[in-house]
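Right, one structure below, let's go through it.
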Amino acid sequence: MSLLEADHLFKVFGKHPDDAVERLRSGAGREELREDGATAAVVDACFEVGEGEIFVIMGLSGSGKSTLLRMLNGLAEPTAGRVLFDGQELTALNGRELRSVRSHRISMVFQHFALFPHRTVLENAGYGLEQQGVDRGERDRRAAEALELVGLGEWKDSWPDELSGGMQQRVGLARALATDADLLLMDESFSALDPLIRREMQEQLLQLQQQLRKSIVFITHDLNEAMRLGDRIAVMRDGRIVQQGTPAEIVLAPADDYVAAFVEDVDRDRVLGRAAVRPGGPGADRGAAGEVPQQAPRDAAAGGKAVNRG
Amino acid sequence: MARIPLGDWVETGVDFLRDHFQPFFDGITTVVSGMYDGVDAVLGAPQPLLLAGILAVVALWLRGPLAALLSFAGLALIEGVGQWDQAMSTLSLVLVASVITVLLAVPLGVWAARSTRVGAALRPVLDLMQTMPAFVYLIPGIFFFGVGQVPGIIATIVFSMPPGVRMTELGIRQVDGELVEAAEAFGTAPRRTLLGVQLPLALPTIMAGVNQVIMLALSMVVISGMVGGGGLGASVFTAISQVDVGLGFEGGIAVVILAMYLDRMTGALGRRVSPLGRRALARERSADRSAVLRYRPSTAVAGVAVVVLALVAGGLHTFGGSGGTRAALPAGHDVGHGRTVDIGTINWDEGVAATYLWKEVLEQRGFRPQVQNMDVGALYTGMSTGRVDVELDSWLPVTHADYWRKYRGSLTDLGSWYGPTSLEVSVPSYVKDVHSLADLKGRSKEFGGRIIGVEPGAGEMKLLRSTVLKGYGLDKEYQLTTGSTAGMLAQLERSVKAKEPVAVVLWSPHWAYSKYPLTKLADPRGLFGRGDRIHTLAHRSFPSEFPQVSRWMKGFRLTEEQLGGLEQAIHDAGQGHEQDGVRTWLRSQPGLVDRMAPLGAA
């Protein structure tokens with residue numbers, strides 16, 4: 001059973017958002033709406049994320065991926081559609097219930113780290129626990145553990161601005177892990193880092209994932225990153241998800257010219273080599289190109305892919 | 001275009017507020033003046049140098065030894081020029097006004113930062129508060145809050161609030177949106193996000209706003225000294241209106257020292273209270289541990305030092321002080337039983353003389369007269385509301401005719417004690433062949449085409465503009481400059497020193513006639529009218545509240561000789577020692593006190 005489900009999510013900014021959703025449902029395009037002063041950020045997004053799965057949402061800037069991510073933990077309220085998290089309809093919760101879910105079960109890692117400059121590294125890592133109401137001793141212990149996990153155990157008494165970008169983002173990751181949330185939302189979390197560090201962070205995330213088996217929704221505009229991290233990938237364009245599937249599926253059977261152009265330069269051997277060891281094989285359960293299969297996550301795949309990555 | 005009666009509407013509104021919300025304003029007055037009295041009592045209690053020491057320890061804690069040394073030197077200088085009490089009163093005004101302002105401004109700024117609509121609505125209001133000339137609301141403030149410190153404090157709050165609101169709003173808006181989002185993403189409730197993330201990170205900006213609030217408060221408090229706010233403002237105001245440049249400078253330098261102290265301390269406090277500032281501070285210190293000048297006592301050490309000094313101060317005060325008690329009066333002389341009489345004065349010499357004369361007399365009769373120095377508009381407004389009981393310097397029927405017309409309903413005339421006075425234009429005696437206003441015609445080149453005037457609102461100025469200049473055909477030839485009495489006297493002094501021709505607007509009695517050789521220009525056509533007499537006016541209820549004092553004042557007369565002698569004695573005693581001058585003079589007037597205030601059946 002999937003941990004998270006996005007059910008026909010829409011997000012429209014501007015005038016008369018509800019009318020705009022109706023028109024989008026009956027096939028109106030983004031440009032038509034823009035003339036009437038409404039901006040469709042996300043149009044009819046549907047997907048599921050399984051337990052222990054890394055689900056990557058990939059798209060260029062302005063494709064609506066960040067807005068989509070923020071609807072998953074209620075930071076942005078959907079104009080229409082539902083978010084189901086562990087069988088619970090997030091979109092129906094009141095503010096206090098939603099905050100409780102956010103502090104206990106869904107955490108987030110930000111593009112520019114969003115560390116609190118007036119708190120030490122340890123206090124930053126413990127922030128989520130503080131919001132949960134965990135007492136000081138317990139909080140510090142668990143925050144220190146999370147810092148150990150990301151390799152920053154010795155830095156807990158430092159201040160954020162004393163750390164390099166990569167280290168700061170590891171603090172951000174520790175903060176998200178410390179709360180023991182089931183779902184991690186990662187918003188372009190490695191985009192602000194330089195390529196070498198970014199690569200290191202990707203490796204570290206995969207190693208951690210082997211150990212922790214979280215469900216992760218990862219946003220990126222970098223195709224190689226998407227291929228490297230994603231169990232499954234959704235490609236967004238102009239607010240719509242144009243294709244979702246395993247990396248191999250995206251590469252081998254792009255749904256349209258847009259996706260095809262996107263994946264042209266990707267390292268196929270690597271993607272396919274990895275895909276080949278997956279039981280079931282790529283494309284076996286695919287319908288015609290352009291149809292988007294809703295795949296259940298395959299727990300069995302996790303072990304194999306990790307070997308391949310290491 | 002038709003005239004829009006905006007002013008009338010405002011006046012109607014002010015009247016309505018005054019008539020219907022007086023208890024509300026009285027409540028504010030009570031609270032604010034209570035705060036002021038409390039703070040002033042604390043600051044005024046210790047020996048000046050001891051308090052200077054306490055303030056220097058605060059400087060040591062916040063900024064180090066050099067700042068402490070300079071603070072102490074500066075504050076000692078204030079004491080050295082005899083401005084300490086005024087400075088402490090000003091400091092109390094600033095502290096009270098700033099605390100209230102910050103308590104209002106920070107929440108408003110937070111509100112404005114969180115709601116674009118509130119921010120947009122506040123902006124024009126803040127503009128208005130900041131740019132409306134203070135006198136526009138300083139004088140009407142007396143309607144609502146009476147004369148004294150409160151209207152000054154209210155005006156100060158109005159004037160100094162905008163930067164507090166704006167900087168708070170800016171500081172909160174400047175906090176990185178991703179940080180706020182991060183707090184939300186971890187389930188932080190909006191209020192805790194505000195307290196735990198936005199406010200701490202906005203604190204440096206907010207403290208810069210607080211610093212601005214305090215500096216503006218100081219400048220406004222000085223201005224409010226003119227409407228009876230007291231403190232250094234009153235010192236400076238009194239000094240300049242008597243063209244006492246030296247004293248004006250002493251008051252001014254005290255303002256500057258206070259300003260610099262407050263500015264540096266709040267600036268440093270900003271770094272102390274914000275978490276980021278504390279870190280920067282710690283880093284600086286560890287980088288340069290050896291330097292003596294970087295020494296800062298810990299908060300605890302500084303706190304202990306302040307407490308010890310404060311205790312010493314309190315102790316000295318307890319043992320040293322019995323200053324407040326009244327001298328014992330001979331039997332039968334205590335008519336007043338310590339009742340307070342508020343006497344207003346507008347700082348004209350004859351008024352000061354009569355006021356301090358009565359202060360001395362009333363004290364000898366067991367009253368507690370309190371003299372308040374204020375602007376003429378403030379005086380009449382205050383007296384009409386009963387906040388001032390009585391004043392001795394109304395020039396009627398001409399000079400103060402406007403005020404009398406406006407407020408006569410709530411005032412009563414206790415008769416005139418001196419007269420007739422005269423209004424005139426005067427020139428230095430070395431200007432040849434000018435003896436009458438008519439002689440000025442055709443000589444405008446000599447006088448630079450100007451007649452040096454005084455405050456535009458003065459009755460004499462109105463008379464000159466409307467009648468006198470036209471009557472002598474001078475209105476085309478001469479420009480009547482407007483300014484202040486102090487400015488006129490300064491110009492007179494300058495011209496006399498340079499032996500240049502000058503024509504100034506003057507009146508008699510005035511000390512300028514004894515100081516400079518001047519010719520009063522004759523008014524052959526009688527356009528200035530008959531001379532005013534100087535009247536004693538009081539609030540309507542004064543005769544029933546103080547029947548005996550009213551009777552005494554009704555019988556009060558001074559001759560020109562007496563007034564001249566009294567003014568001279570007060571002048572010789574010097575600023576701040578008016579009453580000593582009065583006592584000296586009274587020794588030459590045996591029996592005068594008993595004639596002014598006859599006792600019982602006698």
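Please treat every number below as a calculation from the coordinates, not as lab data. Only a predicted model underlies this, so the values are computations on that prediction, with no experimental measurement involved. Please note: Cβ atoms are built from the backbone with ideal geometry, for glycine as well, and neighbour counts cover all protein chains shown.
Each 10 Å bin from zero up to the one holding the largest Cα-Cα distance in region A:1-151 carries the following percent of pairs: 10, 32, 31, 19, 7, 1. Counting neighbouring beta carbons within 10 Å and listing from fewest to most, the residues B:Leu170, A:Leu69 come out as B:Leu170, A:Leu69. Please state, as a whole number in µm²/s, the translational diffusion coefficient that the Stokes-Einstein equation yields for region B:422-520 at 25 °C and 0.890 mPa s, with Rh defined as the Kirkwood radius across alpha carbon pairs. Here the translational diffusion coefficient equals 184 µm²/s.
What does the charge count around B:Pro456 come to, taking other residues whose C-beta lies under 14 Å from its C-beta (Lys +1, Arg +1, Asp -1, Glu -1)? Local net charge: -2. Listed from fewest to most Cβ neighbours within 10 Å, the set B:Asp375, B:Asp349, B:Asp572, A:Asp222 follows the order B:Asp572, A:Asp222, B:Asp349, B:Asp375. Legend: Rg and Dmax of region B:189-241, from Cα coordinates, 18.4, 59 Å. Let a ≥ b ≥ c be the square roots of the eigenvalues of the Cα gyration tensor of region B:519-569; is it rounded (a/c under 1.5), or, if not, prolate (a/b larger than b/c) or oblate? It is oblate, given that a/c is not under 1.5 and a/b is not larger than b/c.
Using only helices, what value at 222 nm comes out for chain B when you add -39,500 (n - 2.57) per DSSP H run of length 4 or more and divide by the total residues, to the nearest 500 deg cm²/dmol? Could the numbers behind the result be given before it?
Details: 26 runs with 365 residues, N = 602.
Calculated mean residue ellipticity at 222 nm is -19500 deg cm²/dmol.
Of the trypsin sites (Lys or Arg not before Pro) found in region B:554-602, those in coil by DSSP whose Cβ has at most 13 other Cβ atoms within 10 Å are B:Arg557. Secondary-structure-derived ellipticity at 222 nm for chain A, considering helices only, amounts to -11500 deg cm²/dmol, per-run term -39500 (n - 2.57) for DSSP H runs with n ≥ 4.
Summarising the amide proton neighbourhood of B:Arg450: residues at separation of 5 or more, or on other chains, whose placed amide H is nearer than 5 Å comprise B:Gln479. Under a Gaussian network description of chain A, with springs only between Cα atoms under 10 Å, the residue in A:Arg30, A:Arg175, A:Arg82 that fluctuates furthest is A:Arg30. Reducing region B:20-51 and region B:159-235 to their Cα centroids gives an inter-centroid distance of 24 Å.
Where both bridge residues fall in region B:422-520, DSSP classifies roughly 65% of the beta bridges as antiparallel.
Taking max minus min of the alpha-carbon positions on each principal axis, the protein assembly as shown gives extents of 123, 71, 54 Å, largest first.
Would you mind telling me the antiparallel percentage of the DSSP bridges in the protein assembly as shown, rounded to 5?
55
Remark: region B:94-195 projects, on average over all directions, an area of 7.4 nm² (convex hull of Cα atoms). Cβ-to-Cβ counts within 10 Å put B:Tyr36, A:Tyr127 in ascending order as B:Tyr36, A:Tyr127, the fewest first.
For A:Arg237, nonlocal amide neighbours, meaning residues 5 or more places apart or on other chains whose placed amide H falls under 5 Å from its own, are A:Val242. Under a no-solvent Debye model with one identical scatterer per Cα of chain B, what's log10 I(q)/I(0) at q = 0.06, 0.09 Å⁻¹? Each listed q corresponds, in turn, to -0.40, -0.86.
Can you pull the mean other chain C-beta count within 10 Å for peptide A:92-105? It would help to have the intermediate numbers written out before the result.
Numbers: counts 0, 0, 0, 2, 2, 0, 2, 8, 1, 1, 5, 5, 2, 1.
Mean shielding count: 2.
Among A:Glu249, A:Glu200, A:Glu51, the largest mean-square fluctuation in a Gaussian network model of chain A (Cα springs under 10 Å) belongs to A:Glu200.
Determine the alpha carbon to alpha carbon distance for each of B:Lys432/B:Lys515; B:Lys359/B:Lys515; A:Lys65/A:Lys156; B:Lys441/B:Lys515; B:Lys476/B:Lys497; A:Lys156/A:Lys214 and list only those over 21 Å.
Numbers: B:Lys432/B:Lys515 19 Å; B:Lys359/B:Lys515 27 Å; A:Lys65/A:Lys156 33 Å; B:Lys441/B:Lys515 27 Å; B:Lys476/B:Lys497 29 Å; A:Lys156/A:Lys214 24 Å.
Checking Cα-Cα distances, B:Lys359/B:Lys515; A:Lys65/A:Lys156; B:Lys441/B:Lys515; B:Lys476/B:Lys497; A:Lys156/A:Lys214 exceed 21 Å.
Judged by the ratio a/c of the largest to the smallest principal axis of the C-alpha gyration tensor, chain A counts as oblate, that ratio being 1.5 or greater while a/b is no larger than b/c. Of all DSSP-defined beta bridges confined to region A:120-254, some 50% are antiparallel rather than parallel.
Classify region B:1-122 from the C-alpha gyration tensor, please: rounded if a/c falls under 1.5, else prolate or oblate depending on whether a/b exceeds b/c.
Prolate, because a/c is 1.5 or more and a/b exceeds b/c.
Taken residue by residue and averaged, Cβ atoms of other chains lying within 10 Å of the Cβ of A:110-118 number 6.
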